[in-house]
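Below is one structure; the comments refer to it alone.
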Amino acid sequence: ELQLAALQVAVRNRVIHDSAQLALARQAFEVHARAVLAAEQRTVELRSAEHNFMLIGSLELLAARRQQIASYDLWIDAVESWWRAFNGLAYESGVALPIPAATRYVAVENLP
């Protein structure tokens, strides 16, 4: 009985840990999406306008576009980290988690 209680505490602690990791991963990709991707998009738009007025060459425009694509790669990595944390939490908790689009986040309080 004591061993069962210890296992229950260990599982609960793991679920709390995974929930915290999920929150951090969600925050990382949301911040990246709002700040970095928006800034890169604006930079490419400005570089494109400069290129249209022949103020910069094609190589400068391509460099801005390359940086934008690198930012998208980082964002995809952040989404992957979130998805791994989400699946890890579902596995550790042993229940089907609420759909993230409907709840916007998953926390220990939302688990059944």
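The values are calculated or read from the model by the stated rules, or taken from the named source; none is laboratory data. Everything numeric in this text was worked out from a predicted model, so none of it was measured. Positions of Cβ are backbone-derived with ideal geometry, glycine not excepted, and every protein chain shown enters the neighbour counts. These area figures cover heavy atoms from the full protein model, side chains too; ligands, DNA and RNA do not enter into them. Shrake-Rupley method; radii C 1.70, N 1.55, O 1.52, S 1.80 Å.
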Tally the residues that are of a type outside the set (Lys, Arg) and more than 15 Å from the chain's Cα centre (by Cα), restricting the search to the stretch 11-37. 5
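Inspect all residues belonging to the stretch 39-50 and state whether any of them is closer than 28 Å to ALA70 by Cα, part of a helix (DSSP H, G or I), touching a residue at least 40 places away in the same chain (Cβ under 8 Å) and not basic (Lys, Arg).
no
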Cβ-Cβ under 6 Å, sequence separation 6+ or interchain: first residue in the stretch 82-99 and under 15 Å from ARG12 (Cβ atoms), partner open to solvent by 50 Å² or more (accessible area, probe 1.4 Å) and not polar (S, T, N, Q). Which pairs? GLU92/ARG14; VAL95/PRO112
Open to solvent by 40 Å² or more (accessible area, probe 1.4 Å) and not in a helix (DSSP H, G or I) - does that describe any residue in the stretch 6-18? no
